[in-house]
Amino acid sequence: MPLGPARDLREAIRIFNPQRPLEGEALHAYYADRGSDARRAMRTLLEVRADEPISILFTGHTGSGKTTELNKLIEELGERYFVVKVSTGAIVSPTDLTYVDVILIVAMALFRAASDENLIRRAPAQIVEGVWEQVRQVIDRVVFGGVPYRRPAHPAEAGVKVGIPPIVHGLALEFEARFKNEPSTREQIRKHMQDRLSEVIEKANLLSAEIRQRYDKSVLIVVDDTDKPDPARAAALFFDRPQSLTAFSAAVIYTFPIALRYNARFGEVDRYFESFRLPNLPLHDRDGRADEGGRRVLNDAIVRRMDKALIAPSAREKLISASGGVMRILIGLVQNAAVNAYARGAARIEDFDADRAVTGLRKDFIAALRSDDYPILAARYRDKRLSSDETLQALLQMRALLEYENGETWCDVHPVVLRLVAERVPGFTLPEPGL
């Protein structure tokens, strides 16, 4: 049965899940087309340069919709690429992520995807066994090294006819499980892999070349969650180790933190990466004039997921305004408002429910912001200027300050935060009542 808009609040609560990007059937049913220039440009670049390695940084605020746009990009590329999707956050917390982790997680995801039983069974021209044996050995002897683990039996040892790809697949899964769940194993692997990453990258590149030759497809690796670390840790990933992250002989897209886009060192990576930015959907321009295009996309995102009868028009407008044009924030606000309405036995979301959801979001900002942040936010509200100031980068990372691009690139204070700024900065007044 095809997916459609929610018919009651209970169903709306399930559909409006801010932690679940759109993919598969949901992408077709609920995607609101924002006319992304960034996605179009990346698709063009990947189509034109399909036969050469390329490394891309895809930046934007956390929750701006990067993962959904990447899923849409993959769909638009069709069968041109052998696509490997990687979520570093599914294996290592962003607060603990290192460049060694990224390289190993990407390589293992490639090994696992290429050795998947379904692919092997339907592949018209399988990868030669000698390549699989080299991959098996690098996981067994280099990655695990002295770390004890459960080794799948080698075909020659097992005495039965078992292909090497399933063994590689099992080793990759074993690595991911151990690396995710055992901190001591993770540290041990990190330590002895510091100076041996080139061996893993070499085998990943060998496998990528085989995929191109055997399946007539270039490899595209989409690495998500690398935009989640704090600015200092993210800088160590991208600014200190760009050669490692760009060493794969494939097309690789890394999500990239918006804060680092305004770091003074950003220019250092220009020769390693192509970069594209996904701005938030503007609700108005720099001078305060309404931007109906941004509001239309946000409204479309709501009505594609729920019947219009489930939300009062004024409540819908409140939530759109409170989102600041950040798609994930909008989806989370609607879900919270639906929970509020459902909990009080109502049939639809009213202004009262929307207001409670907005209040909850404001409390999150109160917990995250420092007293020194409010005067900076007041100044940025007045001049709308972005810079490489470290405090500004932190405010961008937490989404108290939002980047927009309609006509020019500028910033503004998140609309839910404006009331807090007015309360805490002497002499600061809003031109009209805030949220």
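Angle, helix 197-215 long axis vs. longest principal axis of the chain, Cα atoms, 0 to 90°, nearest 10? The angle comes out near 90 degrees.
Overall, region 292-424 carries a charge dipole of about 400 debye about its Cα centre when +1 sits on the Cβ of Lys and Arg and -1 on the Cβ of Asp and Glu, all other atoms neutral. Comparing Val334, Ala346, Ala378 along the charge dipole axis of region 292-424, the residue lying farthest to the positive side is Ala346, per the Cβ-charge model.
If you run the Gaussian network model on the chain, springs between alpha carbon atoms under 10 Å, then out of Thr59, Thr409, Thr226 the most flexible one is Thr409.
Here Lys217 is the anchor, and the lysines within straight C-alpha reach of less than 16 Å, apart from those fewer than 8 places off in the same chain, are Lys85. Would you mind telling me which residue in Pro257, Pro313, Pro21 has the biggest mean-square fluctuation in a Gaussian network model of the chain, where springs connect alpha carbons within a distance under 10 angstrom? Result for the chain, Cα springs under 10 Å: Pro313 fluctuates most. Dividing the mean sequence gap of close Cα pairs (under 8 Å, 6+ apart) by how many residues region 281-435 holds gives a relative contact order of 21 percent. Placing unit charges on the Cβ atoms only, positive for Lys and Arg and negative for Asp and Glu, gives the chain a dipole magnitude near 680 debye about its Cα centre. Separation of the alpha carbons by more than 22 angstrom is noted, of Lys72/Lys363; Lys180/Lys228; Lys72/Lys180; Lys180/Lys363, for Lys72/Lys363; Lys72/Lys180; Lys180/Lys363.
Computing semi-axes √(5λ) of the Cα gyration tensor in Å for the structure here picks out one of [x] 62, 30, 20; [y] 36, 34, 18; [z] 42, 25, 20, namely [z]. The magnitude of the dipole of region 153-308, with charges of +1 and -1 set on the Cβ of Lys/Arg and Asp/Glu and taken from the Cα centre, is near 200 debye. A dipole drawn for region 35-277 from +1 and -1 charges on Cβ atoms has a positive end, and of Phe276, Leu171, Ala38 the residue lying farthest that way is Leu171. Farthest toward the positive end of the dipole of region 292-424, out of Val358, Ile311, Ser387, is the Cα of Ile311, where the dipole comes from beta carbon charges about the Cα centre.
Since every read-out is calculated from the coordinates, none of them should be taken as a lab result. All values reported here derive from a predicted model rather than from experimental measurement. In this analysis, Cβ positions are derived from the backbone assuming ideal geometry, glycine residues included, and neighbour counts consider all displayed protein chains.
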